[in-house]
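Worksheet for the structure shown next.
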Amino acid sequence: MKILAVQNRMGIGDSIIFLPFIEAISKKFNTPISLLVQENSKCKEYLGQTDYIDEIIILKRNNNINNLEHSGFFGGLKLANELKKYNFNKVFIFNSSLRFAIIAKLSGINEINQFPLFQKKGQDMIEASNKLIFDKIGVQVKNNPNIQISNSNVVEAAKKYNISKNDLNILLGIGGSGPTKRVPAKTFIKVMKEISEQKNCKFFLATGKNDEEQKILNEIKSSYLKKNYLSLDNLSINECLPIIKNCNVSICNDSSFSHLSSALGIETITLMADTPLMYGNYSSKMHPILPDDVNEVTHGTLGKDKINPQKILNKLISIIS
């Protein structure tokens, strides 16, 4: 049995959200699942050791990285011919696009399972995924996203980066894909100083190379006087995974690191400044913090300056107690 799952949304978070449904398919048919995903999902960097994932096939249809081999009519034919070589028996398409249904048919896949066609607008992707999996294979999915990593890699990272079990090891996801998601450095600094008065802490600062993200990183490094931190910005995602797995808890903006952390089984405090809440509470490992005076957060909330460090600290203490 060879099964393909199609997930064409962009970004790490969107890809991780779908993992419980893909794992359910794998368990039902007792076979690892191949994925067709966007390159900027970066699945190859964090799913290489996950046993329910087989081959990761890159969908080359992204204007942002000038990779358009699978765009348009002829690109669709090219993709169909490429998929034909795998001899897939089934496909689960996690979108409502007729295009992918046609491509799957042209590639010779006999059984095509998909979201209802032409219903993308206002669609709840978790609800649609639950319905698809229950309707097609009779499984009610309730588990969290699950990324696997070998214990030997975790032990090796602990030795390499001097990560001690005697410390409270905290991942700080201080970056974010947009400026409205990036909580100010002063908020993190306040939490770092307060918790360090109570515990021996080591902090792992996770961010990208974007100028604004680096500014936040440098502000934290220059303001926080103790040297018990490690910057992760020069490491690949694959190199970060065993470090994250060594952490006791994470405090993250809505960023790739909040999704990676929770999928690695780490209790993750998610700072929801300007993104729909579903991106910060879909896993039981996620503990969302909303801006003060806000009951619901979404695009346009613009609440990064209203994330209360005391709320973060209270949640952190409740998790580690």
Computed over the chain, the relative contact order (Cα-Cα under 8 Å, seq sep at least six) in percent reads 15
tail above 16 Å in the computed P(r) of region 101-155, as % of all Cα-Cα pairs, reads 62
To the nearest 10 degrees, the tilt of helix 125-137 (Cα long axis) against the first principal axis of the alpha carbons of the chain is 50
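Output the peptides 259-270, 151-162 sorted from most to least packed, where packing is the average of other Cβ atoms within 10 Å over each peptide's residues.
On the way: 259-270: 25.8, 151-162: 13.1.
Most protected by this proxy first, the peptides run 259-270, 151-162.
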Toy charge model, Lys and Arg Cβ at +1, Asp and Glu Cβ at -1: region 262-312 dipole around Cα centroid in debye, rounded to 20, equals 140
Once the in-chain neighbours fewer than 8 apart are removed, the aspartates and glutamates whose Cα is under 20 Å from residue 311 read 194, 197, 254, 267, 274, 292, 293, 296
The base-10 log of I(q)/I(0) that the Debye equation returns for the chain at q = 0.07, 0.08, 0.12 Å⁻¹, one scatterer per C-alpha, is -0.30, -0.39, -0.84
FRET efficiency (residue 40, residue 161; Cβ distance; R0 30 Å; to 0.05) is 0.65
Label model pair residue 310, residue 118: point-to-point distance (7 angstrom along the Cα→beta-carbon line) in nm is 5.5
Stretched fully, the stretch from residue 219 through residue 151 gains (0.36 nm per residue minus C-alpha distance, one decimal, in nm) 21.1 nm
Once amide hydrogens are built 1.01 Å from N within the peptide plane, the residues lying 5 or more places from residue 168 or on another chain with amide H under 5 Å from its amide H are 200, 201, 202
Taking max minus min of the Cα coordinates of region 147-219 on each principal axis, largest first, gives extents in Å of 37, 30, 20
All alpha-carbon distances of region 1-139, grouped into 5 Å bins from 0, give the whole-percent distribution 2, 10, 21, 24, 24, 15, 4, 0
Here FRET efficiency (C-beta to C-beta, residue 126 to residue 55, R₀ 22 Å, nearest 0.05) is 0.30
Result for the chain: accessible area per residue, probe 1.4 angstrom, in square angstrom, of 47
With +1 on the Cβ of every Lys and Arg and -1 on the Cβ of every Asp and Glu, the dipole magnitude of the chain about its Cα centre, in debye rounded to the nearest 20, is 320
D (µm²/s, integer) via Stokes-Einstein for region 205-321, Kirkwood Rh across alpha-carbon pairs, 10 °C, 1.306 mPa s: value 106
On the formula 1/(1 + (r/R0)^6), with r taken between the Cβ atoms of residue 199 and residue 99 and R0 of 51 Å, the FRET efficiency rounded to 0.05 is 0.45
Rounded to the nearest whole number, the Stokes-Einstein translational diffusion coefficient of region 116-269 at 37 °C and 0.692 mPa s (Kirkwood radius, C-alpha pairs) in µm²/s is 192
For the pair residue 228 and residue 78, the simple spin-label estimate (label points 7 Å beyond Cα toward Cβ) gives in nm 5.4
The local net charge around residue 106, scoring Lys/Arg +1 and Asp/Glu -1 for residues other than residue 106 whose Cβ lies under 15 Å from its Cβ, equals +3
Percent relative contact order for region 204-293, counting Cα pairs under 8 Å at least six residues apart, stands at 20
Largest-first semi-axes in Å of the equivalent ellipsoid built from the Cα gyration tensor of region 240-289 are 18, 10, 8
To the nearest 20 debye, region 1-148 has a Cα-centred charge dipole, built from +1 on Lys and Arg Cβ and -1 on Asp and Glu Cβ, of 360
log10 I(q)/I(0) for region 1-73, Debye formula on C-alpha points only (no solvent), q = 0.24 Å⁻¹, two decimals, reads -1.07
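The values are calculated or read from the model by the stated rules, or taken from the named source; none is laboratory data. These numbers were taken from a predicted model, which means no experiment stands behind them. When we count neighbours, we look across all protein chains shown, and the Cβ atoms used for this are built from the backbone with ideal geometry, even at glycine. When the accessible area is computed, the model is the full protein with side chains, heavy atoms only, and any ligands, DNA or RNA have been set aside. Shrake-Rupley method; radii C 1.70, N 1.55, O 1.52, S 1.80 Å.
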